[in-house]
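Visitor: Dropping a structure here in structure tokens format, bear with me for questions.
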């Protein structure tokens, strides 16, 4: 802030200027505050990038704002485009969204599919995403697999939006870290007539800022602020640690031959136990970030190893992040057919039938079984 500690506000969106947290409304680097005051035009970083580069960046919502946003969406007559992360489906679902969308159709966009192995059939994953959505009370009119960073299936997405919106506005919603803003930016770049036409306005009756991208028929694509989901692995890690933990490139399978009573640690984030298997050596295949450190040990030594080395030998998280990192929660599975044990936000381990296994993840982060995708 300036020397007088005067409260400053963005002249674009009205958010209170702050320099502490880039994910929160009103963030502006200290150096930009001084320049803005000298030029008598102080914008937060988000509005500055929007104004000068037509580039959308995400901000996070508090719980109260989140409820206000859902109420606004529920009262609109619009197509809802719900962006989720294929590596973190449960963690990227908006809590309670099925109760708020009303009669509005939902088009589900499963982002980051470029990180999946090429051997994984996309049709299988698409079916799984639809099944998981249905189980959560969401019944999407369609599921589009895409990669915002690589622009995969972007034209398919634009066609689907046009098909299902039927002359209505489009609301794009998602939790933080799913790539929603990257996707919006690609839509802007790939849609003619949208350059220099982005506007901002408030959701009625709230302090929430929305970004509007005009469509040819006068309707809007409305980009909404990102919603924090506390059951995301990403919620417990810094940006630097997140890059070490979550897939950045197409994941390469790693095969381990495990005897009964052996454990794999995925950094200090998660754990996999092969409790019992039908063979002397049982092959399991790990699909996670290629650079994530994996440590093997005996099950009987695993608890002691973890308590002594989480944050050191077993990282991420680092010792600095251990204070806010929750304890691991255990999930046990009896495997009757070839299955994937999915660690939400990290990836999965493929195991053969006839085994008994357990998966551990930070409390609140899901571990679930699905029929093997590969």
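Visitor: What tally of residues in the stretch 363-374 results from selecting those that are part of a strand (DSSP E or B) and surrounded by fewer than 23 Cβ atoms within 10 Å (Cβ to Cβ)?
Guide: 4
Visitor: When you scan the stretch 134-169, how many residues do you find that are under 17 Å from residue 94 (Cα atoms) and either in a strand (DSSP E or B) or out of contact with any helix residue (DSSP H, G or I) (no Cβ under 9 Å at 6 or more places or on another chain) (or both)?
Guide: The total comes to 3.
Visitor: Please state which one of 289, 353 is crowded, with 18+ Cβ neighbours inside 10 Å and in a loop (DSSP other than H, G, I, E, B).
Guide: Being crowded, with 18+ Cβ neighbours inside 10 Å and in a loop (DSSP other than H, G, I, E, B) holds for just one of 289, 353, which is 289.
Visitor: Which of the residues that make up the stretch 322-341 are buried (at least 17 other Cβ atoms within 10 Å of the Cβ) and in a loop (DSSP other than H, G, I, E, B)?
Guide: Scanning the stretch 322-341 gives 325, 335.
Visitor: Separate question: Exactly one condition in (1) surrounded by 13 or more Cβ atoms within 10 Å (Cβ to Cβ); (2) under 19 Å from residue 246 (Cβ atoms) is not met by residue 283; state its number.
Guide: (2)
Visitor: Scan 269, 197 and give me the residue that is modelled with pLDDT under 80 and in contact with a strand residue (DSSP E or B) (Cβ under 8 Å, 6 or more places away or on another chain).
Guide: 197
Visitor: Please enumerate the residues belonging to the stretch 84-127 that are free of Cβ contacts under 8 Å to residues at least 24 places away in the same chain and over 27 Å from residue 67 (Cβ atoms).
Guide: Answer for the stretch 84-127, where residues must be free of Cβ contacts under 8 Å to residues at least 24 places away in the same chain and over 27 Å from residue 67 (Cβ atoms): 122, 123, 126, 127.
Visitor: Right, here's the next one. From 230, 240, 249, which residue is surrounded by fewer than 20 Cβ atoms within 10 Å (Cβ to Cβ) and without any contact (Cβ under 8 Å) to a residue 12 or more places away in the chain?
Guide: That would be 240, the only listed residue that is surrounded by fewer than 20 Cβ atoms within 10 Å (Cβ to Cβ) and without any contact (Cβ under 8 Å) to a residue 12 or more places away in the chain.
Visitor: Considering only the stretch 170-181, how many residues are in a helix (DSSP H, G or I) and either without any contact (Cβ under 8 Å) to a residue 40 or more places away in the chain or touching a helix residue (DSSP H, G or I) at 6+ places or on another chain (Cβ under 8 Å) (or both)?
Guide: Of the residues in the stretch 170-181, 0 are in a helix (DSSP H, G or I) and either without any contact (Cβ under 8 Å) to a residue 40 or more places away in the chain or touching a helix residue (DSSP H, G or I) at 6+ places or on another chain (Cβ under 8 Å) (or both).
Visitor: How many residues, within the stretch 312-321, are more than 18 Å from residue 264 (Cβ to Cβ) and in a strand (DSSP E or B)?
Guide: The number of residues fulfilling the criteria is 0.
Visitor: Tell me, which helices (runs of 4 or more DSSP H) wholly within the stretch 1-112 include 1 or more residues that are within 22 Å of the chain's Cα centre (by Cα), farther than 30 Å from residue 289 by Cα and modelled with pLDDT of 85 or more?
Guide: By residue number, 63-75, 97-100.
Visitor: Might you let me know whether the stretch 332-355 holds any residue that is in contact (Cβ under 8 Å) with a residue 40 or more places away in the chain, touching a helix residue (DSSP H, G or I) at 6+ places or on another chain (Cβ under 9 Å) and over 23 Å from residue 119 (Cβ atoms)?
Guide: Checked against the condition, which is being in contact (Cβ under 8 Å) with a residue 40 or more places away in the chain, touching a helix residue (DSSP H, G or I) at 6+ places or on another chain (Cβ under 9 Å) and over 23 Å from residue 119 (Cβ atoms), the stretch 332-355 yields no hits at all.
Visitor: Here is a further query. Just the residues that are buried (at least 17 other Cβ atoms within 10 Å of the Cβ) and in a strand (DSSP E or B), please, taken from the stretch 252-280.
Guide: 256, 258, 262, 263, 264, 265, 266, 270, 271, 272, 273, 274
The values are calculated or read from the model by the stated rules, or taken from the named source; none is laboratory data. In this text, all values refer to a predicted model and were calculated from it rather than measured experimentally. When we count neighbours, we look across all protein chains shown, and the Cβ atoms used for this are built from the backbone with ideal geometry, even at glycine.
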